[in-house]
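Undergrad: Below is a structure I'd like to ask you about.
The values are calculated or read from the model by the stated rules, or taken from the named source; none is laboratory data. All figures in this text were calculated on a predicted structure; none of them were measured in a lab. Here the Cβ positions follow ideal geometry from the backbone for every residue, glycine too, while neighbour counts run over all protein chains shown.
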Amino acid sequence: MEQNAADAAAVGGLAITAFFCFGGALVSALIGGLIGNRRDRGILGMFLGFFLGPIGWIGAAFLDYSYRCPFCQGGVPKGSKVCLHCGRDFATKPTEPPA
Ligand SMILES: [Zn+2]
């Protein structure tokens, strides 16, 4: 009788743990999807978040930095108007001849 109660508690604990793990993975997937979604990579972000958790969020966030500044080669979010590193305006072409 006592053993059964212990087993039931163990199974219950396992179920609760599994529930929270799965719930956590789902929440992670949602957050990863939200991060990736800003760059039309929501699905990939969701996968990263689901399988890697917070590490996947970082990966999803870094997906943003796939564009390089033509002036300083620093990674910047795609679609940026101004470089985060050197502050130069991307509207100005780097190959423009000096006036
Ligand atoms: Zn730059």
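Undergrad: Has segment 75-82 got any residue that is assigned by TED's automatic domain parsing to the domain that holds Gly23, modelled with pLDDT of 85 or more and more than 8 Å from the ligand (Cβ to nearest atom)?
TA: Taking every residue of segment 75-82 in turn, none turns out to be assigned by TED's automatic domain parsing to the domain that holds Gly23, modelled with pLDDT of 85 or more and more than 8 Å from the ligand (Cβ to nearest atom).
Undergrad: Can we say Ala6 is touching a residue at least 24 places away in the same chain (Cβ under 8 Å), more than 23 Å from Phe90 (Cα to Cα) and surrounded by fewer than 19 Cβ atoms within 10 Å (Cβ to Cβ)?
TA: no
Undergrad: So for segment 66-85 (the condition being within 9 Å of the chain's Cα centre (by Cα) and among the aromatic types (Phe, Trp, Tyr)), does at least one residue qualify?
TA: Among the residues of segment 66-85, not one is within 9 Å of the chain's Cα centre (by Cα) and among the aromatic types (Phe, Trp, Tyr), which makes the answer no.
Undergrad: On to the next question. Quick check on my filter: what residues within segment 35-47 are part of a helix (DSSP H, G or I) and modelled with pLDDT under 85?
TA: Scanning segment 35-47 gives Ile35, Gly36, Asn37, Gly42, Ile43, Leu44, Gly45.
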